[in-house]
1. Looking at the range 95-112, can you tell me whether even one residue there is in contact (Cβ under 8 Å) with a residue 12 or more places away in the chain, surrounded by fewer than 18 Cβ atoms within 10 Å (Cβ to Cβ) and either of a type in the set (Lys, Arg) or in contact with a helix residue (DSSP H, G or I) (Cβ under 9 Å, 6 or more places away or on another chain) (or both)?
2. Just to be sure, is Glu156 touching a helix residue (DSSP H, G or I) at 6+ places or on another chain (Cβ under 9 Å) and surrounded by fewer than 18 Cβ atoms within 10 Å (Cβ to Cβ)?
3. Would a scan of the range 188-206 turn up a residue that is closer than 30 Å to Ile91 by Cα, assigned to a strand (DSSP E or B), in contact (Cβ under 8 Å) with a residue 12 or more places away in the chain and open to solvent by 10 Å² or more (accessible area, probe 1.4 Å)?
4. Please go through the range 53-89 and give me each residue that is touching a residue at least 60 places away in the same chain (Cβ under 8 Å) and under 29 Å from Glu117 (Cα atoms), ordered by number.
5. Mind counting the residues in the range 251-294 that are among the polar types (S, T, N, Q) and open to solvent by less than 20 Å² (accessible area, probe 1.4 Å)?
6. Residues in the range 232-248 that are buried (at least 19 other Cβ atoms within 10 Å of the Cβ) and either assigned to a strand (DSSP E or B) or basic (Lys, Arg) (or both): how many?
7. Could you go through the range 175-184 and let me know if any residue there is closer than 24 Å to Val263 by Cα, in a strand (DSSP E or B), in contact with a Lys or Arg (Cβ under 7 Å, 6 or more places away or on another chain) and open to solvent by 10 Å² or more (accessible area, probe 1.4 Å).
Amino acid sequence: MRRHGYILSHIAPMTLALIATTACEHKPLWMPETPIEPTVVEYDWSECRDAVTPGMTLYLYPPENDESPWLFNLKSTGGTITVPEGYYRAISYNNNTDGVLFRNTGNYCLIEAYTREGNLLDGFETPYIGSLPARTADEPVVIMPDMMWTAAETVEVNGEKLTLTPHRITPLYRFTASDVRNISGVADVCASLSGLIGGIYLNDYNGASYPVTMPSKAKKATDNSITGSMVTFGIPPEPSARNILTLYFRLKDGSKHSFNFDVTTQIRNAPDPFDVKINVAGVNLPELPEPPVNPDEGGIGVDVDTWHTVDIELKPFI
């Protein structure tokens, strides 16, 4: 994940020293003695012009006491706040994030965005109740996050306009499976991706250390391909788990099939880590015979509670 640090160049050296020495330390309650003047907050969206959000949440952490941040909900263009003058560590993020949870909001060093637990086959179009396929990774399954744009900066509040510059922190992974044989027999399809970051710390954009698996929707794109996409928090800087893309198929005869692809190299070598394109190929589904003309003749004998799983070794994709 890319990290962004922003320090105002005009901050006095003594103030910088204070912020550095008090980072992540808890002090007695800070009683402001400085003037309280209205300050206009403005958001500069030049770094992410495609962002769409009705508003932004803003936390201002006084260096002396990060357990008592000031909280404001502003429009995406900004708004007016009233706090004591001085230097603050600011964290701001878009608030149209229904699928994202936040914890440790009273601690500047530990405030984290994460998502709730999910089900491996949440991506199916029709609800699924039954056995689960064997998994390649023993990881928690969590839902994917919404797109997030955040700003983490040290700022001075002095009654003048304050400008914050959000950056996108949630990569988008798009996947395509080509050469899918006998796709006409597919009744439903979904996907999952393992080895992802389960949360992200908003003060420095570092990912949480625990790996997770995220489910995703998928769909038939052509007569021999499957596509889908997922928003994620990205992957850890150093591999702690493989990234396995798994496609799950429910066929019209009731049989169930899954295919595993190790896409770790593709994700880590992606030219743009925030817009990753994953390509796999070689899904060989069984050909379904025509259903009997006379229903009394019986249908196809299928063990509907059994998953057929295949691990596919990827060839270099050109």
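1. No, every residue in the range 95-112 fails to be in contact (Cβ under 8 Å) with a residue 12 or more places away in the chain, surrounded by fewer than 18 Cβ atoms within 10 Å (Cβ to Cβ) and either of a type in the set (Lys, Arg) or in contact with a helix residue (DSSP H, G or I) (Cβ under 9 Å, 6 or more places away or on another chain) (or both).
2. Answer is yes for this residue.
3. yes
4. Thr53, Met56, Leu58, listed by residue number.
5. Number of matching residues: 3.
6. 5
7. Filtering the range 175-184 for residues closer than 24 Å to Val263 by Cα gives 175-183.
Imposing the further condition that a residue be in a strand (DSSP E or B) reduces the set to 175-181.
Still in the list and also in contact with a Lys or Arg (Cβ under 7 Å, 6 or more places away or on another chain): none.
Checking the range 175-184: not a single residue is closer than 24 Å to Val263 by Cα, in a strand (DSSP E or B), in contact with a Lys or Arg (Cβ under 7 Å, 6 or more places away or on another chain) and open to solvent by 10 Å² or more (accessible area, probe 1.4 Å).
The values are calculated or read from the model by the stated rules, or taken from the named source; none is laboratory data. Nothing here was measured: the structure is a model prediction, and the numbers come from that model. Note that we place each Cβ from the backbone using ideal geometry, even for glycine, and neighbour counts take in every protein chain shown. Each accessible area value is taken on the protein alone, full model and side chains, heavy atoms only, with ligands, DNA and RNA left out. Shrake-Rupley method; radii C 1.70, N 1.55, O 1.52, S 1.80 Å.
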